[in-house]
Amino acid sequence: MAQHFSYSSELEQPPAEVFAWHERPGALARLTPPWVPMRLESFEGIRDGDKARIRLGWGPLSVLWVAGHRDYTPGQSFTDDQLDGPFASWTHTHRFEETERGGCRLTDSIDFKLPAGSVGALAAGHVRTSLEAQFAYRHAITKNDLHLHSRYRTRPLKIAVTGASGLIGSALVAFLQTGGHTVLRLVRSRPVSDDEIYWNVRDNVVDAPRLEGLDAVVHLAGENLMAPRWTDAKKQRIYDSRINGTRLLATTVASLQRPPSVFVSSSAIGIYGDRGDETIDETSSLDRHSYLAKVCADWESACDAARSAGIRTANVRTGIVVSGGGGALAPMLPLFKLGLGGRFGDPRTFLSWIALDDVVGGLYHIICSDSVSGPVNMTGPDPLNWDDFATTIGKVVRRPTFVTVPTWLTGLATGEMGKDVILSGAKVLPRVLKRSGYDFLYPTAESALRHQLGYPWSASKER
């Protein structure tokens, strides 16, 4: 049985600008919801005859989706058909129409058929619900990205990024590409394309000439903090990857004949330590005792060479990133969806969260804002204690949140990692971001969770 789905929204930008955004590298990555298990194997573009190969699912149960493009009309429309994949048929038309106010009405229309038989009939309701969530996400991303690119209207920039394959880095790279900027990724293996630059922290090597004349360097690389427990070897890798890598980059950019205008380096709110319900901003005192606080302090000091060379340098103290595709919350979300979620440790402990979209937007704000330097808290404007945050997750996924994991049990299971990362809390506010004019896309935890987990408040759709 044939099915039809349509989703439409209005954007401030003209059709030509919205169409151009869709045509640039990074658009498909930006439009893929984080909760969808999808991997892009190849993408040729959206012009007639171009194909995309997409792997849906993971492991032996994954399915290959091959899409072919046709009816490419610049500034107006393009269509993709399923050539191979899970549906009996699938045709998706993207339309870009000018509104009376000069903006764009973006419409996604899909005609599809499910596999024949009872399995297809049973899946119809699930497919429609899934499409509603996915296209609410896609249109929100399109609107937000175009808004940010329009607000910080600038010439095309050339930006190098470390940690480009990570949660934040991959989102930032795709965002910058859809804005028309050139992104160079620093990689640890030998480069295989022109957009890759070789560096090796262990050997203290970086291809310095490739960094000449850049507008910005964004340093996000570092050993993952999350582990069942921190062994001595794990702690050494955490420290070395951050401090040695940052020092290598900072000294390298400081020695360039044409250094970047800005050097943006990661840090974390762990630099403040466990502060209870004390309100913290960038002027607050730092913790001098915990392992993570010491790592963060040395991490920021490793940028001194860039600062001393007169390069505008920002240390981004990131909080708990809300994402449906990874990060600190990833291990907890399945429990919440099963109705087994709750609080870890003291429910009064504050959680300084931030939506992944605002991490990307905040980094772009720093790159484009000449007045921003020094420590920058990358957190949302409304930190919550564990009790309120867990209740909000439960509300979004429509499940109870009655479970509480006591402090002693969490500490017993996770050791120093749990003490510094899970049980430690601080009410951290983004004073520098707000005072320098950044407008948060997702200022409340509920709005961030709904967007990132695929539970929109409403959907502008036609069935």
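The values are calculated or read from the model by the stated rules, or taken from the named source; none is laboratory data. Not measured: the values here are computed from a predicted model. Every residue, glycine as well, gets a Cβ built from its backbone with ideal geometry; the counts of neighbours run over all protein chains shown.
Do we find that Ser9 is part of a strand (DSSP E or B), closer than 23 Å to His451 by Cα and within 27 Å of the chain's Cα centre (by Cα) in this structure?
yes
What do you reckon, is Thr279 surrounded by fewer than 16 Cβ atoms within 10 Å (Cβ to Cβ), polar (S, T, N, Q), touching a residue at least 12 places away in the same chain (Cβ under 8 Å) and over 30 Å from Arg399 (Cα atoms)?
Considered against the rule, which asks whether it is surrounded by fewer than 16 Cβ atoms within 10 Å (Cβ to Cβ), polar (S, T, N, Q), touching a residue at least 12 places away in the same chain (Cβ under 8 Å) and over 30 Å from Arg399 (Cα atoms), Thr279 comes out as yes.
Look at Ser261 and say whether it is touching a Gly at 6+ places or on another chain (Cβ under 9 Å) and assigned by TED's automatic domain parsing to the domain that holds Thr349.
no
Report whether or not Ala16 is surrounded by fewer than 16 Cβ atoms within 10 Å (Cβ to Cβ) and not in a strand (DSSP E or B).
Criteria met by Ala16.
Go through (1) farther than 21 Å from His451 by Cα; (2) assigned to a loop (DSSP other than H, G, I, E, B) and name the single condition Glu41 misses.
Here Glu41 clears every test but (2).
Considering only residues that are exposed (fewer than 15 other Cβ atoms within 10 Å of the Cβ), at negative phi and assigned to a loop (DSSP other than H, G, I, E, B), which ones fall in region 44-57?
Glu44, Arg47, Asp48, listed by residue number.
When residues of region 321-355 are filtered for being more than 18 Å from the chain's Cα centre (by Cα), crowded, with 20+ Cβ neighbours inside 10 Å and part of a loop (DSSP other than H, G, I, E, B), how many remain?
Of the residues in that region, 3 qualify.
Looking at Thr251, Thr313, which is the one that is touching a helix residue (DSSP H, G or I) at 6+ places or on another chain (Cβ under 7 Å), among the β-branched types (Val, Ile, Thr) and surrounded by 20 or more Cβ atoms within 10 Å (Cβ to Cβ)?
The unique qualifying residue is Thr313.
Of all the residues that make up region 285-306, how many are surrounded by fewer than 20 Cβ atoms within 10 Å (Cβ to Cβ), touching a residue at least 24 places away in the same chain (Cβ under 8 Å) and charged (D, E, K, R)?
So the answer is 2.
Please work out which residue is surrounded by the most Cβ atoms within 10 Å (Cβ to Cβ), limiting yourself to region 207-248 and to residues that are among the basic types (Lys, Arg) and more than 25 Å from His365 (Cβ to Cβ).
Arg247
What are the residue pairs meeting all of these: first residue in region 1-19, first residue at pLDDT 95 or above, second residue basic (Lys, Arg) and assigned to a strand (DSSP E or B), Cβ atoms under 6 Å, and 6 or more apart or on different chains?
Filtered contacts from region 1-19: Tyr7/Lys461; Glu10/Arg105.
Name the residues in region 418-460 that are at pLDDT 90 or above, surrounded by 15 or more Cβ atoms within 10 Å (Cβ to Cβ) and assigned to a helix (DSSP H, G or I), would you?
Across region 418-460, the qualifying residues are Arg431, Val432, Leu433, Ala445, Glu446, Ser447, Ala448, Leu449, Arg450, His451, Gln452, Leu453.
Return only the number of the condition from (1) part of a loop (DSSP other than H, G, I, E, B); (2) farther than 19 Å from Ile311 by Cα that Gly213 does not satisfy.
The one condition Gly213 does not meet is (2).
Can you tell me which residue is surrounded by the most Cβ atoms within 10 Å (Cβ to Cβ) among those in region 153-175 that are in contact with a His (Cβ under 7 Å, 6 or more places away or on another chain) and either without any contact (Cβ under 8 Å) to a residue 12 or more places away in the chain or in a loop (DSSP other than H, G, I, E, B) (or both)?
Looking at the filtered set, the residue picked out is Leu157.
Glu278: more than 27 Å from the chain's Cα centre (by Cα) and either closer than 27 Å to Gln452 by Cβ or of a type in the set (Asp, Glu) (or both), yes or no?
For Glu278, the condition - more than 27 Å from the chain's Cα centre (by Cα) and either closer than 27 Å to Gln452 by Cβ or of a type in the set (Asp, Glu) (or both) - is met.
Run down Gly411, Gly341, Gly325, Gly415 and say which single residue is modelled with pLDDT under 95 and touching a Pro at 6+ places or on another chain (Cβ under 8 Å).
Only one candidate qualifies: Gly325.
Looking at Arg237 and the list (1) in contact (Cβ under 8 Å) with a residue 24 or more places away in the chain; (2) more than 23 Å from the chain's Cα centre (by Cα), which single condition is not satisfied?
(1)
Looking only at region 58-111, filter to residues that are aliphatic (A, V, I, L, M) and assigned to a strand (DSSP E or B); which one of those is nearest to Asp48 (Cα to Cα)?
If we take residues in region 58-111 being aliphatic (A, V, I, L, M) and assigned to a strand (DSSP E or B), then Ala67 is nearest to Asp48 (Cα to Cα).
Yes or no: region 124-133 includes at least one residue that is assigned to a strand (DSSP E or B), in contact with a Gly (Cβ under 8 Å, 6 or more places away or on another chain), within 19 Å of Leu31 (Cα to Cα) and in contact (Cβ under 8 Å) with a residue 12 or more places away in the chain.
Taking every residue of region 124-133 in turn, none turns out to be assigned to a strand (DSSP E or B), in contact with a Gly (Cβ under 8 Å, 6 or more places away or on another chain), within 19 Å of Leu31 (Cα to Cα) and in contact (Cβ under 8 Å) with a residue 12 or more places away in the chain.
Cβ-Cβ below 7 Å, separation at least six or inter-chain, first residue in region 92-112 and modelled with pLDDT under 95, second in a strand (DSSP E or B) and among the basic types (Lys, Arg): which pairs?
From residues that are modelled with pLDDT under 95, there are no pairs.
Can you work out which of the residues in region 206-237 that are at pLDDT below 95 and of a type in the set (A, V, I, L, M) is farthest from Leu167 (Cα to Cα)?
Among residues in region 206-237 that are at pLDDT below 95 and of a type in the set (A, V, I, L, M), the one farthest from Leu167 (Cα to Cα) is Ala233.
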